[in-house]
Amino acid sequence: MENNISGPPLRGPRPGGTEPVAPMSKARAAVLERLRGSGGPLTVDALAAETGQHANTVREHLDALVGSGFATRTTAPRSGRGRPASLYLPAQPDPRPAGYAALAAALARHIASTSADPAAAGELAGRQWARVLAGAGRPTAPSAAPSAARRRSSRLNVAASLREAGFGIEGNADATDFTLTTCPILAAARENPDVVCAVHLGLVKGLLEGTGVPEVGVELVPFAAPGICTLHLPSAAAT
């Protein structure tokens, strides 16, 4: 598939750690500003009081900020009856040194110039990356036919792993269609998309091994539109 990455507006996501590609509303920016200046975790109610917005509105903003990688969510310790409150913090800057992106670009150039099939080599590297993230000893096939709920959970786990790897990612309720709004090694991807985007595809497929979600229907479209790449994960095995 040809990647259209030239001409205004530039297609594809932004580098990881930048502001969102989609314009951020003043109300959402106010929530993020309060988080960044808080010095500690805040609840929805606290943020609603500080910003003057309704709690449900603040919760929607926080869900979007968490989904795009600008905030993190944890659960407060349980104290008494009822569900413990969610706590929110601004996402920390990427701890990886600037040389990380340069190393990724150098490796992509090496694969592109030495491999007879750079895309296949990139996908294999992505699968190996997935094994490192998942840890040793993971089964290669499910022990029983997975339920729809289990497949959805597996797709959500893939999204969480991509987020931890530095991607900004947002998905639909069924966790089948995602937009990637930021990329941790965007410069390398623009320089050698056949390699780097194949690495990302291999990472997704590797993360799905043993989950019951088939990799046959996985589709990653690099630079799909201004501001995003797109990722589709199948909901069930093809019949």
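Structure data summary
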{"quantity": "Theoretical FRET efficiency, 1/(1+(r/R0)^6), r = Cβ-Cβ of Thr43 and Ser235, R0 35 Å, to 0.05", "calculated": "0.55"}
{"quantity": "Ordering of 226-235, 30-39 by burial proxy (mean other Cβ atoms within 10 Å per residue, highest first)", "calculated": "226-235, 30-39"}
{"quantity": "Gain upon complete extension [Asp63, Ser25; 0.36 nm per residue less C-alpha separation]", "calculated": "12.3 nm"}
{"quantity": "Segments 110-121, 155-166 sorted - mean Cβ within 10 Å per residue, highest first", "calculated": "155-166, 110-121"}
{"quantity": "Packing-based order for 212-218, 181-187, using average beta carbon neighbours within 10 Å, highest first", "calculated": "181-187, 212-218"}
{"quantity": "Summed residue charge, Cβ within 14 Å of Val196's Cβ, Lys/Arg positive, Asp/Glu negative", "calculated": "-1"}
{"quantity": "Computed label-point distance, nm, for sites Ala116 and Val132 using a 7 Å Cα→Cβ extension", "calculated": "2.6"}
{"quantity": "Counted charge near Ala173, where neighbours are those whose Cβ lies closer than 15 Å (Asp, Glu -1; Lys, Arg +1)", "calculated": "-2"}
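Where a number appears in this text, it was derived from the coordinates with a stated rule and is not lab data. Predicted, not measured: the structure shown is a model, and the values here were computed from it. All Cβ positions, even for glycine, are placed from backbone atoms using ideal geometry, and neighbour counts span all protein chains on display.
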